[in-house]
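One structure is given here, and the rest of the page talks about it.
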Amino acid sequence: MPVSEPPVDLWDRMRQGMAWQIPDNPQVHKARTHYLGQNNYLEALGPRSTLYLHYIVDEVERRGMPMELALLPLVESGLNPFARSSQHALGLWQIMPATGRQLGITSDWWYDGRRDLRESTAAALDYLQSLHDTLDGDWMLAIAAYNGGIGRVGRAVRANRAKGRKTDFWSLPLPRETRAYVPRLLALSSMVSDPDTWAVSLPPLANAPAFVAVPTGGQIELARAAELANIELAHLQALNPGHRRWATAPTAAELLLPPESAAHFAERLADLDADQRVNWQHYTIRNGDTLGAIARRFNTQVTLLQEVNKLNGSFIRAGKSLMIPQGGDWATSLAGRSAGQSRETDYKVRRGDSLYRIAGRFKVSIDDIIAWNALNPRGYIYPGQQLTLYVGDG
């Protein structure tokens with residue numbers, strides 16, 4: 001038999017993998033009405049979908065999991081890896097700090113894997129599979145437990161069973177948020193699987209990877225990496241949202257780059273001078289040392305030493321060690337970025353705001369705000385919307 005060609009469009013590929021029968025009940029209808037009431041919701045997610053959705057679809061398919069699960073990050077975060085909830089859930093999959101630790105996700109001063117596409121997706125899918133296996137192979141219950149917790153869903157199942165009642169999702173006494181959560185995924189699934197019926201406009205999405213992993217040969221400034229790859233810094237940050245600072249973590253070995261930029265990056269990286277690299281030395285504090293004196297001695301800034309060494313003030317103790325950046329060019333540029341460019345800020349859109357006003361207020365560009373938050377350039381922002389900005393202190 002002839003081998004059929006894979007779909008050119010990612011939405012078509014997803015539709016081919018979808019198999020759930022979506023119930024026609026009031027809960028799903030309400031959720032679908034909510035999404036349809038948002039101006040071209042799925043189309044507005046086009047820029048984020050382009051960056052992240054192909055990888056998620058690949059992973060769901062590789063594991064033999066229901067394709068509908070690939071839409072869960074749309075429910076959780078609107079496909080925004082920088083999204084942070086009031087409960088401190090973070091990333092595309094909105095993973096809580098305790099859950100992240102339980103799943104072995106890396107999180108430190110330099111990097112948070114909950115924001116990283118690959119690490120968070122692996123952890124979330126592992127978790128969903130575990131919930132599915134624990135809850136008698138019921139995906140609806142697994143999704144409910146992802147939102148409301150395995151303990152709460154398990155207790156509801158046992159309580160209904162003890163009373164001789166049904167134990168499917170629709171029959172369980174669950175919190176209002178969880179009862180609304182599963183229908184949202186089902187509503188989105190119905191819109192993607194049958195866009196014509198619901199008059200949904202889906203942006204064209206190439207069924208091809210949006211990035212490749214490229215070795216960095218050690219720690220590197222993100223701004224320098226973007227320059228070497230000949231892409232905007234905001235694009236690099238959108239592909240590598242797990243990196244929380246101006247540089248990759250000391251242990252990081254690679255960055256994600258657009259496929260067309262990888263060779264250019266590798267060639268220019270090979271020619272990079274040693275003093276343009278990120279290098280560190282450990283300095284043992286002596287009697288009489290001050291942070292200011294140490295910063296002057298090593299041609300760096302006090303604010304940088306405080307951030308890197310997690311110092312709340314200027315107090316230091318003899319005998320302790322500090323991490324000091326080495327390399328004149330790098331130390332100077334890094335200190336400048338630390339002092340004036342790399343503070344991450346959460347901003348809630350107010351009534352009357354526009355991207356133009358926000359950009360002017362924080363002295364950043366509209367294009368950067370769009371890239372940092374994977375916004376649709378032709379879309380709108382709305383009061384209450386959370387934006388992530390990288391702004392200076394001055």
(request) At 7 Å along the Cα-to-beta-carbon direction for both residue 266 and residue 232, put a label point, then send me their distance in nm to one decimal. (result) 2.7
(request) Can you tell me the 0 to 90 degree angle between the C-alpha axis of helix 328-340 and the longest principal axis of the chain, rounded to 10? (result) 60
(message) Multiplying the sequence separation of residue 96 and residue 194 by 0.36 nm and subtracting their Cα-Cα distance, what value in nm do you get?
(response) 32.0 nm
(message) Please compute the modelled spin-label separation between residue 296 and residue 85, points set 7 Å along Cα→Cβ, answer in nm with one decimal.
(response) 5.0
(message) What does the extension gain come out to for residue 323 and residue 155, with contour length at 0.36 nm per residue minus their alpha carbon separation?
(response) 55.6 nm
(request) Place a +1 charge on the Cβ of each Lys and Arg in segment 140-275 and a -1 charge on the Cβ of each Asp and Glu, then give the dipole magnitude about the Cα centre in debye, rounded to the nearest 20. (result) 1820
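Work through the residues other than residue 85 whose Cβ is under 12 Å from its Cβ and net out their charges, Lys, Arg +1 and Asp, Glu -1. Each step should come with its number before you reach the end.
Numbers: positive: 84, 114; negative: 76, 177, 346.
The answer is -1.
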(message) If I stretch the segment between residue 177 and residue 163 completely, what's the gain in nm (0.36 nm per residue apart, minus their alpha carbon distance), one decimal?
(response) 2.6 nm
(request) Identify, among 202, 187, 213, the residue whose Cα sits farthest towards the positive end of the charge dipole of segment 161-213, taking +1 on the Cβ of Lys and Arg and -1 on the Cβ of Asp and Glu, with the dipole about the Cα centre. (result) 187
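Can you sort 106, 178 by how many other beta carbons sit within 10 Å, fewest first?
106, 178
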(request) Measure off 7 Å from each Cα along the Cα-to-Cβ vector at residue 382 and residue 356, then give the distance between these two points in nanometres to one decimal. (result) 2.3
(request) Set the Förster radius R0 to 35 Å, insert the Cβ-Cβ distance between residue 273 and residue 4 as r into 1/(1 + (r/R0)^6), and round the FRET efficiency to 0.05. (result) 0.10
(message) Excluding same-chain pairs closer than 8 in sequence, count the lysine pairs in the chain whose Cα atoms lie under 27 Å apart.
(response) 4
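What shape does segment 212-275 take by its C-alpha gyration tensor, where a ≥ b ≥ c are the square roots of the eigenvalues and a/c under 1.5 counts as rounded, a/b above b/c as prolate, and the rest as oblate?
On the way: a/c = 1.44, a/b = 1.06, b/c = 1.36.
Rounded, since a/c falls under 1.5.
Between beta-carbons, use under 10 Å as the cut-off and find the net charge around residue 205, counting Lys and Arg +1, Asp and Glu -1.
-1
Give the order of 227, 307, 221 when sorted by the count of other beta carbons within 10 angstrom, beginning with the fewest. If you can, show how the numbers build up before the last one.
On the way: 227 14, 307 17, 221 21.
Ranking 227, 307, 221 by Cβ neighbours within 10 Å, fewest first, gives 227, 307, 221.
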(request) For segment 10-193, just say rounded, prolate or oblate: build the C-alpha gyration tensor, square-root its eigenvalues into a ≥ b ≥ c, call rounded for a/c under 1.5, and beyond that prolate if a/b exceeds b/c, oblate if not. (result) oblate
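Laboratory data are not the source of any read-out in this text; all were calculated from the coordinates shown. Only a predicted model underlies this, so the values are computations on that prediction, with no experimental measurement involved. Cβ sites come from the backbone with ideal geometry, for glycine too, and all protein chains shown count toward neighbours.
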